[in-house]
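The next block holds one structure in the form of structure tokens; read it before the comments.
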Amino acid sequence: MTHDHDLVLRPTEAQTTAALNPPAGRNGGDLVVETLAGLGATTVFGLPGQHALGMFDALRRSDLRYVGLRVENNAGFAADAYGRVTGEAAPLLLSTGPGALTSLAALQEAAAASAPVLAISSQVPTAGLGGGRHGYLHELPDQAASFRGVVKSVHPVRTQSQIPSAIAAAWKSALTAPHGPVWVEIPQDVLLAPTALPGVTALDATPEELVPRPELTALAAHLLSRAERPAIIAGGGVVRADAAGKLRALAEKLDAPVVTTFGGKGAFPWTHPLSLQSWLEDRHTTDFLEDADVLLVVGSGLGELSSNYHTFAPRGRVVQIEADLGKLESNHPALGIHADARLALQALLETVEERTDPTAPERVRGVLGAVAARIGAQELTLEQEVLASVRRALPAGSPSFWDMTILAYWAWSAFDAHAPNLMHSAQGAGGLGYGFPAALGAAAADPTRPVLAVSGDGGALYSVAELATARQYGLDVTWLIVDDGGYGILREYMTDAFGQATATELTRPDYVALAESFGVPGVRTTPDTLEKDLAAALTTPGPSVVVLPAVLRMFAPTHLG
């Protein structure tokens, strides 16, 4: 009798011949790049360093495309964006010590946003491992310890034969819901040593599906079918699961209004009669959601930004679908369903009973009208016109990447992302410098459409070195820099809290001249000419910079009183 565990894949004659006669001149780095190629990777990001040279030398013997950035953190942001727009694991090659540690902020953003980044770092030579003080360059007592609290999983390698399996396990981890960054580290001597191992083939790192438990979806369907005022909060998990179509079908079947979180923008059509858009930082929206007798939360942990700074207090029954187990009921009691958003929404679609509520569109219009009236009373015409100009100038199919800047905070609530997965920001971890290098990663993923990056002048100073990357690779990114002479949002926060701002004003370069010094076209615009200048830059192939000198203001918050 044959058992499943007795079945093995027998090598073909050609595979046996190849195994017995591996190509000459290979090292441990070749095992890394062969494994990546075998898993389906086509593009890698990174920055070389002394201990990682074995990996980078192997790149020239592979078909992998390398996109090299100037700062490791920016390389991490580029890989993050590549992972977000493709849904594939994005390899990030790093060196040891300072090179590895410089990527931490980018990996924190990838973790918060569930972006599948596969970071592969070198390590000091094997003799220097174990926590002793051997004095190797870049030596840390436990380098991986710096990453365990940031990434999804850590995969140390100590021998060449471990390389393919460790990278495959990391790849699978990165792409299993919830997606996230993972960490592999390999000692320098293991990467540099010649290898007699055969070329890497026949890898299988298929992610496991996170299927909902049927008794939970049955109960959720029962609650939603009998609700009087159901509502839906759609988070980034809907976008990552490519479940926008199922979300729309469910909302229409239930006549349930939908609001998208800032990370879930594009998960539901902006102008749909049931769309509450993304006005989560508004008490009118918060009140509406609190009044729902059954609230379905899909792909969101209802964190700070998604709960109007934790002022949201639902009075009805909450049903929460979330792939990250730690986020289930982490902020509110709920019927928690640990599942991929797509699979759970499909189960609900198959089991909910159709309900009709002709008042739902009217109630949605009432909320949006109240929001518009509140914003309209604050004399914020400039800010609304600038954001509208950006939307009109940006082609419908082009993605945009937003740094932590006032215009981005407006966009979180007020920008129509047009379709799933087209607007991205660093609101997961909230670090500066994301917009431009992330846009470069997206342009590397899809060179057929222009990409927009939006930064303030403070955030732009984190990323100016990557103008060289944009020019070197001819990446089609238009970078809009809103120059208000400092950290604008911190200026507002401090003035409101203390009556004056400290440490928020910046001496900064002439960004147009700086761009041109890199060989990148630049133009200085005004609010009146922004749409024309931005549209022209976006329709001209290659990188470009548009600078808008303007002091923008935020709309008043509703969570403070």
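The values are calculated or read from the model by the stated rules, or taken from the named source; none is laboratory data. Given the structure is predicted, the values throughout are model-derived calculations rather than measurements. Virtual Cβ from ideal backbone geometry, glycine too; neighbours counted across all protein chains shown. Heavy atoms of the whole protein, side chains included, go into the accessibility calculation; ligands, DNA and RNA do not. Shrake-Rupley method; radii C 1.70, N 1.55, O 1.52, S 1.80 Å.
Counting heavy atoms of the protein chains only and a 1.4 Å probe, report the per residue accessible area for the chain as a whole number of Å².
40
Please report Rg (one decimal) and Dmax (integer) in Å for the Cα set of segment 48-106.
11.6, 31
How large is the Rg to Rh ratio of segment 304-367 when both quantities use alpha carbon positions and Rh follows Kirkwood?
Reported Rg/Rh (Cα atoms, Kirkwood Rh): 1.02.
Distances over 15 Å make up what percent of all Cα-Cα pairs in segment 258-317?
47
Tell me, what ³J(HN,Hα) does each residue in segment 345-358 have, in order and in whole Hz, if you take phi through Karplus 6.51 cos²θ - 1.76 cosθ + 1.60 with θ = phi - 60° and put x for Gly and Pro?
Working through the residues one at a time gives 5, 4, 4, 5, 4, 7, 10, 6, 9, 5, 10, 10, 9, x Hz.
Given H placed on each backbone N at 1.01 Å, which residues far from R213 in sequence or on other chains put an amide H within less than 5 Å of it?
H338
Based on the alpha carbons, how large is the Rg to Rh ratio for the chain when Rh follows Kirkwood?
Taking Rh as the inverse mean 1/r over Cα pairs, Rg/Rh reads 1.00.
Rounded to the nearest whole Å³, what is the per residue volume of the convex hull around the Cα atoms of segment 327-448?
Looking at segment 327-448, the number lands at 198 Å³ per residue.
Of M404, A334, Q320, which is farthest on the positive side of the dipole of segment 317-437, counting Cα position, with +1 on Lys and Arg Cβ, -1 on Asp and Glu Cβ, and the Cα centre as origin?
About the Cα centre, the residue reaching furthest to the positive side is M404.
Determine the gain in length on full extension of the stretch A465-R449; use 0.36 nm per residue of separation and subtract their C-alpha separation, reporting nm with one decimal.
3.4 nm
When the convex hull of the Cα atoms of segment 217-294 is projected onto a plane and the area is averaged over all directions, what value comes out in nm²?
5.0
Apply 1/(1 + (r/R0)^6) to the Cβ-Cβ distance of R392 and R65, taking R0 = 25 Å, and write down the FRET efficiency to the nearest 0.05.
It comes to 0.15.
Please report, largest first and rounded to whole Å, the three semi-axes of the ellipsoid equivalent to segment 181-327, where each semi-axis is the square root of five times an eigenvalue of the C-alpha gyration tensor.
40, 18, 14
How large is the convex hull of the C-alpha atoms of segment 193-247 per residue, in Å³?
163
Taking H placed 1.01 Å from N in the peptide plane, check which residues at least 5 places from H155 or on another chain put their amide H under 5 Å from its amide H.
Amide H neighbours of H155: W183, V184, E185.
Using only helices, what value at 222 nm comes out for the chain when you add -39,500 (n - 2.57) per DSSP H run of length 4 or more and divide by the total residues, to the nearest 500 deg cm²/dmol?
-11000 deg cm²/dmol
Would you check the chain for Lys pairs whose C-alpha atoms are within less than 29 Å, ignoring same-chain pairs closer than 8 in sequence, and give me the count?
Lysine pairs, 8 or more places apart or on different chains, close enough: 13.
Give me the one-decimal nm value for the distance between modelled label points at E353 and Q500, 7 Å along each residue's Cα-to-Cβ direction.
6.7
For Y66, list long-range residues whose amide hydrogen, built 1.01 Å from N in the peptide plane, is under 5 Å from its own amide hydrogen.
Amide H neighbours of Y66: V44.
In whole Hz, what ³J(HN,Hα) sequence does segment 412-419 give by Karplus (6.51, -1.76, 1.60; θ = phi - 60°), x for Gly and Pro?
Rounded to whole hertz, the list is 3, 8, 10, 9, 7, 6, 6, 7.
Using the Cα gyration tensor of segment 404-484, with a ≥ b ≥ c the square roots of its eigenvalues, what is the shape: rounded (a/c below 1.5), prolate (a/b larger than b/c) or oblate (neither)?
In terms of gyration-tensor shape, oblate.
Hull surface divided by four, with the convex hull built on the Cα atoms of segment 13-149: how many nm²?
Taking the Cα atoms of segment 13-149, their convex hull projects to 9.6 nm² on average.
Taking the square root of 5 times each eigenvalue of the Cα gyration tensor, what semi-axes in Å does the equivalent ellipsoid of segment 243-349 have, largest first?
Gyration-tensor ellipsoid for segment 243-349: 18, 17, 13 Å.
Keeping every protein chain in place, order Y82, Y493, Y487 by accessible area at 1.4 Å, biggest value first, i.e. largest first.
Putting Y82, Y493, Y487 in descending order of accessible area: Y493, Y487, Y82.
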